[in-house]
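**Student:** Following this message is one structure expressed as structure tokens.
Since every read-out is calculated from the coordinates, none of them should be taken as a lab result. This structure is a prediction, so every number in the text was calculated from the model and none was measured. All Cβ positions, glycine included, derive from the backbone under ideal geometry; neighbour counts span all protein chains shown.
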Amino acid sequence: MHKTPVQIRFNDVDQMGHVNNTVIMEYFDLGKEAFFSSHGLPPEKGDFTVIIVHYEVDFLSQIGFHDTVHVETEIERFGTKSLTLMQRVVKSESGTVCCTCRTVMSGYRRSTRSSAPIPAEVKEWLSR
């Protein structure tokens, strides 16, 4: 499992005093970018990449401005042309899971602008 620390910014907090739900999606994106880059698949390089085709989020606990959080990211499963990521935003001190996100991503070739099978070597990199 990959962990990405997140710095909560002043403008992340809404009038209710907690991190806004739309901002939490940015936290998941930070976790995805760090996960893929750390596994040799930076999103901005190369012909092959993965793109989001579906996600679902469950909000479980509020996050306040002074909380310390991180995003946990791991591969849940591989298909032929897709993979499913499981992510959690967790309060670092207590271990409280604040929200979860399951994301289905499709293999994609920039050169053909179409979906593509996930190469075996990419599956191997991401499984480490």
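**Student:** Looking at segment 68-82, which of the residues that are under 11 Å from the mean Cα position of the chain (by Cα) and of a type in the set (D, E, K, R) is nearest to GLY95 (Cα to Cα)?
**Tutor:** Filtering segment 68-82 for residues that are under 11 Å from the mean Cα position of the chain (by Cα) and of a type in the set (D, E, K, R), the one nearest to GLY95 (Cα to Cα) comes out as GLU72.
**Student:** Which residues, counting only those in segment 15-35, are touching a helix residue (DSSP H, G or I) at 6+ places or on another chain (Cβ under 8 Å) and either of a type in the set (Val, Ile, Thr) or over 27 Å from GLU76 (Cβ atoms) (or both)?
**Tutor:** Residues satisfying the conditions are VAL19, VAL23.
**Student:** Got a sec? Which of LEU60, LEU30 is within 14 Å of the chain's Cα centre (by Cα) and hydrophobic (A, V, I, L, M, F, W, C)?
**Tutor:** Result: LEU30 is the single residue among LEU60, LEU30 that is within 14 Å of the chain's Cα centre (by Cα) and hydrophobic (A, V, I, L, M, F, W, C).
**Student:** Could you list, in sequence order, the residues of segment 65-98 that are closer than 25 Å to PHE48 by Cα and of a type in the set (D, E, K, R)?
**Tutor:** GLU72, GLU74, GLU76, ARG77, LYS81
**Student:** Looking at the structure I just gave you, is VAL57 hydrophobic (A, V, I, L, M, F, W, C) and under 27 Å from ASP12 (Cα atoms)? Give the steps one after another, and end with the answer.
**Tutor:** Details: hydrophobic (A, V, I, L, M, F, W, C): yes; under 27 Å from ASP12 (Cα atoms): yes.
Yes; evaluated as a whole, the condition is true for this residue.
**Student:** If you don't mind, another one. Considering only segment 25-34, state which residues are out of contact with any Asp or Glu (no Cβ under 9 Å at 6 or more places or on another chain) and in contact (Cβ under 8 Å) with a residue 24 or more places away in the chain.
**Tutor:** MET25, PHE28, LEU30, LYS32, ALA34
**Student:** Condition first: hydrophobic (A, V, I, L, M, F, W, C), part of a helix (DSSP H, G or I) and either touching a strand residue (DSSP E or B) at 6+ places or on another chain (Cβ under 6 Å) or on the phi > 0 side of the Ramachandran plot (or both). Now tell me which residues in segment 2-27 satisfy that.
**Tutor:** Scanning segment 2-27 gives a single hit, ILE24.
**Student:** Let me ask something else. Between a residue in segment 99-112 that is over 14 Å from VAL53 (Cα atoms) and any residue that is acidic (Asp, Glu) and assigned to a strand (DSSP E or B), which pairs come within a Cβ distance under 8 Å, given they are 6 or more apart or on different chains?
**Tutor:** Between residues of segment 99-112 that are over 14 Å from VAL53 (Cα atoms) and residues that are acidic (Asp, Glu) and assigned to a strand (DSSP E or B), the close pairs are CYS99/ASP58; THR100/ASP58.
Residue-by-condition table, conditions (1) aliphatic (A, V, I, L, M); (2) in contact with a Leu (Cβ under 9 Å, 6 or more places away or on another chain):
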| site | (1), (2) |
| --- | --- |
| GLN15 | no, no |
| GLU26 | no, no |
| PRO42 | no, no |
| ILE51 | yes, no |
| ASP58 | no, no |
| HIS70 | no, no |
| THR73 | no, yes |
| LYS81 | no, no |
| LYS91 | no, no |
